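The structure appears below as structure tokens.
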Amino acid sequence: MKSATTQAPILIVGQGLAGTAVAWRLWERGVPFLMVDPNEAQTCSKVAAGLVTPITGKRLNLSWRISELLPDALRFYRRIEKLLGARFYHRVPSVKLFKDAREAEIWETRRLDPELTRWINHAASPAMVDATIFQHALGGFQQRHSGWLDTPAYLEASRAFFAAQGCWQQGLVKEEELMVTSEEVTWAGHSFSHAILCKGWQQQGGRYFPWLRFHSARGVILTIKADLPDQRILNHRCWLQPRGDGEWRVGSTYDFDFDSPLDYWIEKLRGILTEFVQAPFSVTNIQWGIRPVVHGQQITLGSHPAHPRIAVLAGLGSKGVLRAPFFAKILLDHLLHALPLDAEVDVAANH
Ligand SMILES: Cc1cc2nc3c(=O)[nH]c(=O)nc-3n(C[C@H](O)[C@H](O)[C@H](O)COP(=O)(O)OP(=O)(O)OC[C@H]3O[C@@H](n4cnc5c(N)ncnc54)[C@H](O)[C@@H]3O)c2cc1C
């Protein structure tokens with residue numbers, strides 16, 4: 001573990017989008033840390049499509065706090081890209097095709113909302129897409145400021161960088177192994193100023209934040225090969241994300257019963273895709289992950305009310321790319337500079 005200062009390091013438990021954002025924020029501040037993660041092949045963050053689409057959800061609303069989150073996230077990813085000499089975040093327009101008459105009707109009102117104007121490409125062709133290939137009947141709209149993060153590449157490049165600096169370690173940190181006093185947290189014989197739990201859905205049932213009510217959602221994503229006449233993100237009951245060279249990712253399902261067979265969801269997604277895309281495709285990969293969702297909160301963070309040296313950053317839901325950088329910064333301002341947290345995100349306020 002590299003420690004350039006006399007400051008005690010911070011222990012980061014988990015290297016998904018949450019833990020990685022905390023690590024980069026600490027790196028930029030020159031605060032030493034050790035990040036521990038088992039480096040499993042298929043995690044929520046590694047599987048994620050990494051999409052950022054400002055207008056979202058059943059009611060076609062603006063994504064929560066997007067006006068402050070998106071510029072911050074873009075600056076954050078661009079800085080890391082510069083440091084690592086790689087490109088992870090790709091700006092790509094996104095087309096929403098209405099899935100039914102109800103959605104088209106909602107849009108008739110929503111599109112007049114002045115808040116939405118700058119997120120819509122008003123100059124997009126009314127035809128939207130090649131209708132001989134992409135089956136749809138009700139039109140749609142094109143979003144601006146959308147894109148996607150290549151999450152596996154970003155996570156692996158970050159892991160390799162931090163491992164080379166001696167501040168990444170493969171392993172598991174059990175919450176019961178953390179020895180906590182008012183001065184420090186000790187783990188595996190090392191002393192830390194804080195431990196930040198970034199375990200995704202696996203925070204559920206943890207020792208330190210047992211009051212968090214998780215309502216995590218499993219999701220399946222397909223990778224397909226298809227020769228399709230578009231290079232934008234397309235959304236019509238499922239989304240299609242262009243990855244270049246005829247490769248597309250297709251997703252994703254939402255389910256809450258993790259005992260239900262995955263095959264059902266895989267076939268459901270394949271069926272939706274077959275109806276939408278009138279062109280041959282072959283499925284080359286099937287992945288799934290569990291989105292960490294905390295009931296009633298967009299995200300949860302902060303320190304434990306009785307053990308302030310234990311903190312958490314969890315519940316990123318299906319917006320980890322957008323939310324992790326901003327809230328990692330907010331969490332560290334709180335831990336290191338005692339800045340207050342908004343009650344709507346504060347883990348202690350929702351105790
Ligand atoms: C199918 C699917 C599609 C998605 N699409 C998008 C999208 O398009 N855009 C978007 O923004 N988001 C998307 N998401 C959501 C996004 O993936 C999540 O918001 C984000 O990955 C959550 O990150 P996390 O770091 O909180 O959790 P995780 O990714 O689960 O990371 C937690 C890490 O902690 C590790 N860990 C757990 N326990 C321990 C322990 N005891 N000790 C050490 N390490 C531990 C785990 O192994 C893991 O590496 C999608 C998710 C899914 C499943």
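The table for this structure:
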{"item": "Those residues of the stretch 317-341 which are of a type in the set (Val, Ile, Thr) and within 10 Å of the ligand (Cβ to nearest atom), in sequence order", "result": "VAL321"}
{"item": "Only one of ARG59, ARG29 that is basic (Lys, Arg), closer than 18 Å to ALA195 by Cβ and touching a helix residue (DSSP H, G or I) at 6+ places or on another chain (Cβ under 8 Å)", "result": "ARG29"}
{"item": "Residues that are of a type in the set (Val, Ile, Thr) and either touching a residue at least 12 places away in the same chain (Cβ under 8 Å) or part of a loop (DSSP other than H, G, I, E, B) (or both), drawn from the stretch 224-282", "result": "ILE224, ILE233, VAL250, THR253, ILE266, ILE272, VAL277"}
{"item": "Residue match in the stretch 128-140 (condition: within 16 Å of the ligand (Cβ to nearest atom) and in a loop (DSSP other than H, G, I, E, B))", "result": "no"}
{"item": "Within the stretch 198-213, considering residues that are crowded, with 21+ Cβ neighbours inside 10 Å and assigned to a helix (DSSP H, G or I), the one farthest from the ligand (Cβ to nearest atom)", "result": "GLN203"}
{"item": "ASP245 vs. criteria on the phi < 0 side of the Ramachandran plot and surrounded by fewer than 20 Cβ atoms within 10 Å (Cβ to Cβ)", "result": "no"}
{"item": "Filtered residues of the stretch 283-331 (kept if within 14 Å of the chain's Cα centre (by Cα) and either without any contact (Cβ under 8 Å) to a residue 12 or more places away in the chain or in a loop (DSSP other than H, G, I, E, B) (or both))", "result": "PRO292, VAL293, GLN298, ILE299, GLY315, LEU316, GLY317, SER318, LYS319"}
{"item": "Sole exception among (1) touching a residue at least 60 places away in the same chain (Cβ under 8 Å); (2) over 29 Å from the mean Cα position of the chain (by Cα) for ALA131, by number", "result": "(1)"}
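No lab work stands behind these numbers, since they all come straight from the coordinates. No experiment lies behind these values; they were computed from the predicted model shown. When we count neighbours, we look across all protein chains shown, and the Cβ atoms used for this are built from the backbone with ideal geometry, even at glycine.
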